[in-house]
1. Accessible area of T48, 1.4 Å probe, to the nearest 10 Å²?
2. Residue separation times 0.36 nm, minus the C-alpha to C-alpha distance between L43 and C20: what's the value?
3. Roughly how many debye, to the nearest 20, is the charge dipole of the chain about its Cα centre, given +1 on each Lys and Arg Cβ, -1 on each Asp and Glu Cβ, and no other charges?
4. For n ≥ 4 DSSP H runs only, could you compute -39500 (n - 2.57) per run for the chain, divide by its residues and tell me the 222 nm figure to the nearest 500?
5. Which number gives the lysine pairs in the chain that have C-alpha atoms under 18 Å apart and are eight or more places apart or on different chains?
6. What's the carbon and sulfur percent of the chain's accessible surface, probe 1.4 angstrom, rounded to a whole number?
7. Could you work out the pair-distance distribution P(r) of the chain from its alpha-carbon pairs, with 10 angstrom bin width and percents rounded to whole numbers?
8. Just to be sure I understand: with springs between alpha-carbon atoms less than 10 Å apart, which residue in D69, D83, D49 has the highest mean-square fluctuation in the Gaussian network model of the chain?
Amino acid sequence: QVEVDENGRIVDARFKTFGCGSAIASSSLATEWVKGKTVDEALKIKNTDIAKELCLPPVKLHCSMLAEDAIKAALADYKLKQDPNKEEAEKKA
């Protein structure tokens, strides 16, 4: 979940993760990194950056991928809620 202010900056982010320590650490780091960024800036966060920061072993890279996917999903949901008619217009086009 993300909370975005009137200027388009993410002021808060929360997560719910079930899994190993690497999954929880990846999600936690992602929420810390998105705070203070604009929506577009947050979309530039990549799983490779998360994995590198946490020194994740190759067998745990999927954890950082889940964190990146969660960021994208939360921001897509935010954008949809800002303009719910946009999805309908895109379907008709």
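The values are calculated or read from the model by the stated rules, or taken from the named source; none is laboratory data. These numbers were taken from a predicted model, which means no experiment stands behind them. Every residue, glycine among them, receives a Cβ derived from its backbone with ideal geometry; neighbour counts consider all protein chains shown. Side chains included, ligands, DNA and RNA excluded: accessible areas come from the protein's heavy atoms. Shrake-Rupley method; radii C 1.70, N 1.55, O 1.52, S 1.80 Å.
1. Counting only protein heavy atoms, the figure is 90 Å².
2. So the chain would gain 5.8 nm between L43 and C20.
3. 240 debye
4. Only helices count here, giving -19000 deg cm²/dmol.
5. 19
6. 54 percent
7. Each 10 Å bin holds this share of Cα pairs: 17, 45, 26, 11, 1.
8. Result: D83 has the largest fluctuation of those listed.
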